[in-house]
Amino acid sequence: TNSADRDHLLAELSKLLYTRFEQRAHMPDLEEAISHERGALALRPKGHPRRHISLGNLAISLGHRSYELRSMDDLRAAIEHAREALALRPRKHPSRHLLFSNLSGLLRLRFSQLGDAKDLEESNKNEHVALSLRPSGHPYRYLSLLNLVSTLNIRFSVRGRAADLEEAIKYGRE
């Protein structure tokens, strides 16, 4: 494989290993997926047109590993990569909604571990953006609705604001 294609090969191998990890929950697959995606990212420096893809995929894998191993370092890196991917992904990109939703989930996870209300607020904001990019009939709209119901329910539990409960019910009914 020539070096111009190596980043693509590493990224594809990483996706395959991550998929197998999702099916079998075999941690070495996740570790190898992270390693290969980091390799692809190293070959996609700032300005590379596919850098945002590696950042987004690495954020997902690191987020999953942070959940499994309770690693704050992985979670911090996942959030950082997700933010950078979002900043780099073109505004009109058809899968931009995924980055907002993934970042929202990572922030919600960090809130559950550290209890910083700013993470919960940012999670809510990002999921609302994801929902706005998933109009009625969109195949992933239900995920944003589910995530918003979860986030608003958590916020209701923390703050006790009836408005959060009502908003959660509204999204749950949709």
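Structure above, values below:
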{"item": "Criterion (crowded, with 23+ Cβ neighbours inside 10 Å and either farther than 18 Å from Leu62 by Cβ or at pLDDT 95 or above (or both)) met by exactly one of Leu120, Leu131", "result": "Leu131"}
{"item": "Any hit, the stretch 22-38, residues being surrounded by fewer than 18 Cβ atoms within 10 Å (Cβ to Cβ) and under 18 Å from Gly105 (Cβ atoms)", "result": "yes"}
{"item": "All positions within the stretch 87-109 that are closer than 11 Å to Asn126 by Cα and of a type in the set (A, V, I, L, M)", "result": "Leu98, Leu99, Leu103, Leu106, Leu107"}
{"item": "Residues of the stretch 134-174 classified as open to solvent by less than 40 Å² (accessible area, probe 1.4 Å) and more than 17 Å from the chain's Cα centre (by Cα), total", "result": "5"}
{"item": "Out of Arg20, Arg44, sole residue that is among the basic types (Lys, Arg), without any contact (Cβ under 8 Å) to a residue 60 or more places away in the chain and outside any loop (DSSP other than H, G, I, E, B)", "result": "Arg20"}
{"item": "Close pairs from the stretch 138-160: first under 19 Å from Leu99 (Cα atoms) and without any contact (Cβ under 8 Å) to a residue 60 or more places away in the chain, partner open to solvent by 20 Å² or more (accessible area, probe 1.4 Å) and outside any helix (DSSP H, G or I), Cβ under 6 Å, at least 6 apart", "result": "Leu145/Glu174"}
{"item": "Single residue of Arg108, Arg65, Arg76 found to be open to solvent by 60 Å² or more (accessible area, probe 1.4 Å) and at pLDDT 95 or above", "result": "Arg76"}
{"item": "Some residue of the stretch 80-95 being open to solvent by less than 40 Å² (accessible area, probe 1.4 Å), of a type in the set (S, T, N, Q) and more than 24 Å from Arg141 (Cβ to Cβ)", "result": "no"}
{"item": "Residue among Leu17, Leu13, Leu58 that is more than 24 Å from Leu133 (Cβ to Cβ) and either at pLDDT below 95 or surrounded by 21 or more Cβ atoms within 10 Å (Cβ to Cβ) (or both)", "result": "Leu17"}
{"item": "Single unsatisfied condition, Ile34 versus (1) under 15 Å from the mean Cα position of the chain (by Cα); (2) of a type outside the set (Gly, Ala, Ser); (3) within 20 Å of Phe100 (Cα to Cα)", "result": "(3)"}
{"item": "Residue tally, condition small (Gly, Ala, Ser), closer than 13 Å to Asn57 by Cα and assigned to a helix (DSSP H, G or I), over the stretch 81-100", "result": "2"}
{"item": "So Arg155, is it part of a helix (DSSP H, G or I), charged (D, E, K, R) and over 30 Å from Arg44 (Cα atoms)", "result": "yes"}
{"item": "Any hit, the stretch 44-53, residues being under 18 Å from Asp7 (Cα atoms) and under 15 Å from the mean Cα position of the chain (by Cα)", "result": "yes"}
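The values are calculated or read from the model by the stated rules, or taken from the named source; none is laboratory data. Note that the structure is a prediction, hence the values are computed from the model and not measured. Because the Cβ atoms are built from the backbone with ideal geometry, glycine has one as well, and the counts that use them run over all protein chains shown. Note: accessible area is taken over every heavy atom of the protein model, side chains too, but ligands, DNA and RNA are not part of it. Shrake-Rupley method; radii C 1.70, N 1.55, O 1.52, S 1.80 Å.
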